[in-house]
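Beneath this line is the structure, given in structure tokens, with notes to follow.
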Amino acid sequence: MSFTDIVTITKKDLLLEFKSRETVNSMLLFAFLTLMLISFGTGASELIVREVGATLLWIILIFVGMLGVFRAFTSEEERGTLDGLRLAPISAESILMGKIVYNFIILFLVEVILFPLFIVMLDYPLEGSFITSFAILTLGVAGFTVVSTAVSALVLSARARELLLPVILLPIIFPLLSASIHALKSILNGGVLLNVRDDCVLIVIYIVLFLTVSLLTFEYAIEAS
Amino acid sequence: MSSTVSIKKLCKSFGNFRALDTIDLEIQKGASFALLGPNGAGKTTLVKIISTIMPPTSGEVTVDGYEIREAKKKVREKIGLISHQTFLYEDLSAEENLIFFKDLYHLDEGEKRVEDVLNVVKLSNRRFDDVKTFSRGMKQRLSIARALLHDPPILILDEPTSGLDIVGKKDFYEMVKRFKEEERTIIITTHDINEVELIADSIGVIMNGKILFSGELDTLGYDLEEFIIELTGVEN
């Protein structure tokens, strides 16, 4: 695996996204509309917002994430460019890492816009640190990106892959999501980092574990069948 | 002459379907080898295996002395693949596409190489234009530039003229003529007998995943089209 190759893949995907804007625009529009619906739904109830706010934010991120993450590999296949990547003298791991980094940047961009909007539009009675909440959310987003990118590569050659992705992804990612939601809820409602240490450790273990497994198996997943 | 591509007892199965069945084939260094066969004969599968895109089920394939499963990167450095699929990103410009592939091949003096290959395929004046604005022929020329970037000694052309008009084909044949003069090994899969006669000096005929014939074109002794029909029972 080479750092230069990872940067090359990420740079190319960002340039493509910058020129076409087909993924980020859809993700942001979907996120904004869903947030508006939730904002109307929860009304001004402080109690509801405190109790389910973090979960609702994560539900938006999951769907927005799946919308974007899945494109990273399917768009290569639809364009017929996946074989071009397979032909290059680079490791399969570099391709996967390039896609993970790209997906993380895109999702982080959505998070940067979505999180302040979430606080404002839901009129969240924020008691904890905004920065710490954001950092905890970012850690969860990193975990989500690693797992979902790896799973999206695995289902690439499957029929009805758009349906298969959530069916496979959600059970796998459940422990990571529950830890992320718990940690975010705790910090938003006045908790400190020490209270969510176990959740953070679980998320980091999940990232390391999935990164290792997907790096070891990705070469077989990306081979033409 | 020594073999640059050597295939021994190669098999490829998709479930119960055997796409390639115990293929033995030697392609000489500097040769222009045409692989002929009807649709579904196994031509593209064979090309994909040689170029390391697809793993074989069993057998051994070496390219320039490197075994395709053990030395994938080395094999990929030796091969340039030009297919009816261009592997190009339509939303990027010609130059952006080539810079991306130049980076993937870790080329020294890559910028100059990009300029050189754009000149070879006569697309220097369109280098900043997005590929989506190109005609089919121009895209294929840019695809050739992409395949030539790392100066590979072996060029694999998988039905390269499919979808090209007469002018596009003429341009393409001129470039292939140049590749032959540069003594690159050329492997072409095609349905077009005229193309074979124009490009190839040796042929292989494949049907139902088996090589029915391989040898020099000028030793056939009679019309190639008749020979193919007699061998396969179908018009190519």
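Only the coordinates and a few stated rules stand behind these numbers; no lab work does. Remember, it's a predicted structure, so these values are computed and weren't measured experimentally. No Cβ is skipped: glycine too gets one built from the backbone with ideal geometry, and neighbour counts run over all protein chains shown.
Can you pull the semi-axes for the range A:24-82, root of five times each eigenvalue of the Cα gyration tensor, sorted largest first, whole Å? List each step's numbers first, then the result.
Numbers: eigenvalues 208, 23, 5 Å².
Largest first, the range A:24-82 gives 32, 11, 5 Å.
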Cross-link reach list, lysines versus residue A:11, counting only Cα pairs under 17 Å and skipping chain neighbours closer than eight places: A:19, A:99, B:102
To test your reading of the geometry: what angle, between 0 and 90 degrees and rounded to tens, separates the Cα axis of helix A:197-222 from the longest principal axis of chain A? 20
Placed amide H near residue B:207: partners under 5 Å, 5+ positions off or other chain: B:212
Once both axes come from the Cα atoms, what is the angle between helix B:110-120 and the longest principal axis of chain B, in degrees from 0 to 90, rounded to 10? 70
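For a distance above 25 Å, tell me the whole-number percent of Cα pairs in the range B:1-129 that qualify.
That fraction is 39 percent.
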At 1.567 mPa s and 4 °C, Stokes diffusion of chain A via Kirkwood alpha-carbon radius, µm² per second: 71
Select from the range A:155-225 those trypsin sites (Lys or Arg not before Pro) which occupy a DSSP coil region and have at most 14 other Cβ atoms within 10 Å, ordered by residue number. A:159
For the pair residue B:216 and residue A:47, the simple spin-label estimate (label points 7 Å beyond Cα toward Cβ) gives in nm 9.4
Rank these for me by crowding, B:185, A:217, A:34, A:23, going from fewest to most other beta carbons within 10 Å. A:217, A:34, A:23, B:185
Residue-count net charge about residue A:51 - beta-carbon cut-off 15 Å; Lys, Arg +1, Asp, Glu -1: -1
With a Förster distance of 30 angstrom and the Cβ-Cβ distance between residue A:130 and residue A:29, calculated FRET efficiency to the nearest 0.05 equals 0.75
Computed, not fitted: 222 nm per-residue ellipticity of the protein assembly as shown from DSSP H runs ≥ 4 (each -39500 (n - 2.57)), nearest 500, equal to -19500 deg cm²/dmol
5 angstrom amide H check on residue B:35, placed H, neighbours 5+ away: B:188, B:189, B:190, B:204
Considering the alpha-carbon set of the range B:110-236 alone, what are its Rg and its Dmax in angstrom? 16.7, 51
DSSP beta bridges in the protein assembly as shown, what fraction antiparallel, as a percent rounded to 5? 55
Simple spin-label estimate for residue A:1 and residue B:167 in nanometres, 7 Å along Cα-Cβ: 4.9
Any chance you could run the full-extension gain for residue B:112 through residue B:182? It's 0.36 nm times the residue separation minus the Cα-Cα distance, nm to one decimal. 23.3 nm
Longest chain B segment clear of chymotrypsin sites (Phe, Trp or Tyr not before Pro) sitting in DSSP loops (not H, G, I, E or B) with at most 14 other Cβ atoms within 10 Å runs B:1-127
GluC sites (Glu not before Pro) within the range B:84-119: which are DSSP loop residues with at most 15 other Cβ atoms inside 10 Å? B:109
Starting from the amide H of residue B:156, placed 1.01 Å from N in the peptide plane, find each other amide H under 5 Å away whose residue is 5 or more places distant or on another chain. B:80, B:81, B:82, B:187
Name the GluC sites (Glu not before Pro) in the range B:1-74 that are in a loop by DSSP and that have at most 10 other C-beta atoms within 10 Å, would you? B:70
Return the sequence-ordered ³J(HN,Hα) values of the range B:81-94 in whole Hz as given by the Karplus equation 6.51 cos²θ - 1.76 cosθ + 1.60 applied to θ = phi - 60°, using x for Gly and Pro. 10, 10, 10, 5, 8, 8, 6, 9, 8, 5, 7, 9, 6, 4
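Based only on other Cβ atoms within 10 Å, what is the fewest-to-most ordering of A:163, B:104? Walk me through the numbers before you get to the answer.
Working: A:163 11, B:104 24.
Neighbour counts put them in this order, fewest first: A:163, B:104.
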What is the antiparallel percent of DSSP beta bridges lying wholly in chain B, to the nearest 5? 55
List, in order, the whole-Hz ³J(HN,Hα) value for each residue of the range B:68-75 obtained from phi through the Karplus relation with A = 6.51, B = -1.76, C = 1.60 and θ = phi - 60°; use x for Gly and Pro. 5, 8, 7, 10, 3, 4, 4, 4
By how many degrees, between 0 and 90 and to the nearest 10, does the Cα long axis of helix A:92-121 differ from the longest principal axis of chain A? 20
